[in-house]
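The values are calculated or read from the model by the stated rules, or taken from the named source; none is laboratory data. If you're wondering where the values come from, they're calculated on a predicted model, not measured in any experiment. Cβ coordinates were reconstructed from backbone atoms using ideal geometry, including for glycine residues, and neighbour counts include every protein chain displayed. All accessible areas refer to the heavy atoms of the entire protein, side chains included, with ligands and DNA or RNA removed. Shrake-Rupley method; radii C 1.70, N 1.55, O 1.52, S 1.80 Å.
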Amino acid sequence: MAVLAIDLGGTRIKLGVVQDGQILARTILDARSQEGLEAHLPMITEQLKEIAPAQAEGIGMAFPSLVDSRTGKVTRDSGKYRDSLDLDLNAWIEREFAIPFAIENDARLATIGEWRFGAGRGFENVVMITLGTGIGTSAVIGGRVLRGPHGQAGCLGGHTIANVGGHRCPCGAIGCAEAEASTSNLDLLAHEDPGFRTSALHRESRLDYAAVFRAARQGDTCAMRLRDRSLDVWASVGISLVHAYDPEILIYGGGIMAAGEEVLGPVRERVLRDAWMPWGTLSVVPSQLGDDAALLACEWLVQSKRMEKDEIAFA
Ligand SMILES: [Zn+2]
């Protein structure tokens, strides 16, 4: 039976109908996460009902922060949809759809999607890093999704320290990879560069990594410094996670990976050069499913939650 899927991004909300690893229907809504989730719920409800089949097995939601997948509650403020800490999403789903509901961190769901249907298919030990507004990570170890007692195991790779004494991160630590090389802090990082005022980046109305890579290709020294520094940081996250989780495959995804081999080539070279792997080597590959990974994983999420309940009921 089909599953309804919701992927909450900061500026876009993706809705889909998923069955047997295929997206049967989808729609995308514009979103403003700073206005909170409650303001978006009527629109999500209406659009989801429009594409929903007559019967659905459940609803899965990818959320851009830490969540408790057992209780269905958001547990950490990530700066997006801040009101969701106090929202009863279970009650909303029960009231509007009356079918089972499961929620999970978005980077973890992207990893599950790639593991089941994409670049990580056939592997039992998978680590994925998503490079975008922030840096999300997650791990599958021995064929099991790593969650930990508080739901954060494997998810905080973006907060490995890449620069001791560096920039303050919203998480409270100093020098996290996310504070040193993600779109969320790119404006500050660029302004700190001594060549910024004479750089092509200074004329950009909206600074993102696409602009940085474009200017770097044209020989802009400020952009080249930002690009090379960021590649080092993204490789350092991969190396730290290889050391932590011993994966067979390391997948890089997220919006910044739209630049493809321009990002992955140097990152792969640095990971394979510097990670301690006396046993051999591993695959460092791009995501295959892109934006669809988390939506597709919602089917697995709903089904695995139902199986967990069945196991408890029969124990
Ligand atoms: Zn941090």
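Can you list, largest first and rounded to whole Å, the semi-axes you get for segment 119-286 by taking the square root of 5 times each eigenvalue of its Cα gyration tensor?
29, 17, 13
Just read off the accessible area of T71 with the full protein assembly in place, 1.4 Å probe, to the nearest 10 Å².
Around 70 Å² of this residue is reachable by solvent.
How much length would be gained if the chain were fully extended between L188 and D88, taking 0.36 nm per residue of separation minus their Cα-Cα distance, in nm to one decimal?
Taking L188 through D88 to full extension adds about 32.4 nm, to one decimal.
What does the accessible area of T133 come to, in Å² to the nearest 10, when a probe of 1.4 Å is used?
Solvent-accessible area, nearest 10 Å²: 80 Å².
Give me the percent relative contact order of the chain, please, defined on Cα pairs under 8 angstrom at least 6 residues apart.
The normalised contact order for the chain reaches 20 percent.
For E248 and A54, calculate 0.36 nm times their separation in residues minus their Cα-Cα distance, and state this gained length in nm to one decimal.
Net length gain for the segment: 65.7 nm.
Classify segment 31-127 from the C-alpha gyration tensor, please: rounded if a/c falls under 1.5, else prolate or oblate depending on whether a/b exceeds b/c.
oblate
If you take every DSSP beta bridge fully contained in segment 119-286, what fraction is antiparallel? Give it as a percent rounded to 5.
55 percent
Quick one: compute a quarter of the convex hull surface over the Cα atoms of segment 124-220 and quote it in nm².
For segment 124-220, averaging the hull's shadow over all directions gives 7.9 nm².
Anyone know which of A98, A275, A54 comes out most mobile in the 10 Å Cα GNM of the chain?
Between A98, A275, A54, it is A54 that shows the largest mean-square fluctuation.
Which value at 222 nm does the chain reach when only helices count, each DSSP H run of 4 or more adding -39,500 (n - 2.57), with the total divided by all residues and rounded to the nearest 500 deg cm²/dmol?
-11500 deg cm²/dmol
Quick one: of the DSSP bridges fully inside the chain, what percent are antiparallel, nearest 5?
Antiparallel: roughly 60 percent of the beta bridges in the chain.
What does the accessible area of C222 come to, in Å² to the nearest 10, when a probe of 1.4 Å is used?
Using a 1.4 Å probe on the heavy atoms, I get roughly 0 Å².
Can you list the residues, at least 5 places off or on another chain, whose amide H is less than 5 Å from the amide H of K73, using H built in the peptide plane?
HN-HN under 5 Å from K73: D68.
Quick check on segment 3-106: of the DSSP beta bridges with both residues there, what percent are antiparallel, nearest 5%?
60 percent
Just in segment 238-315: which GluC sites (Glu not before Pro) are loop by DSSP and have at most 16 other Cβ atoms within 10 Å?
When the GluC sites (Glu not before Pro) of segment 238-315 are filtered for loop state and at most 16 Cβ neighbours within 10 Å, E248 remain.
Among the complete DSSP H segments of the chain, which ones combine at least 15 Å of alpha-carbon extent along their axis with a mean Kyte-Doolittle hydropathy of -0.5 or more?
41-51, 106-117, 221-245, 292-314
By how many nm would the segment from S283 to R32 lengthen if fully extended, with 0.36 nm per residue of separation less the alpha-carbon distance?
Between S283 and R32, full extension yields an extra 86.7 nm.
I'd like the carbon and sulfur percentage of the solvent accessible area for the chain, probe radius 1.4 Å, heavy atoms only, ligands and nucleic acids excluded.
49 percent
Given the options K73, K49, K14, which has the most mean-square fluctuation in a GNM of the chain, springs set between C-alpha atoms less than 10 angstrom apart?
Between K73, K49, K14, it is K49 that shows the largest mean-square fluctuation.
Roughly how many Å² is the accessible area per residue of segment 3-106, as a whole number, for a 1.4 Å probe?
47 Å²
Based on the Cβ-Cβ distance from A200 to A98, what FRET efficiency comes out when R0 is 41 Å, to the nearest 0.05?
The pair A200/A98 has a calculated efficiency of 0.15.
So which residue, out of I129, I103, I51, gets the largest mean-square fluctuation from a GNM of the chain using Cα contacts under 10 Å as springs?
I51
Apply 1/(1 + (r/R0)^6) to the Cβ-Cβ distance of T221 and D68, taking R0 = 45 Å, and write down the FRET efficiency to the nearest 0.05.
About 0.45, to the nearest 0.05.
Ratio of the chain's C-alpha Rg to 2.2 N^0.38 Å, to two decimals?
Its radius of gyration relative to the 2.2 N^0.38 Å reference: 1.01.
Under a plain spin-label model, where a point goes 7 Å from the Cα along Cα-to-Cβ, how far apart in nm are K309 and D228?
5.5 nm
Within the chain, what's the longest run with no chymotrypsin sites (Phe, Trp or Tyr not before Pro) in a DSSP loop and at most 11 other beta-carbon atoms within 10 Å? Give the range, please.
1-275
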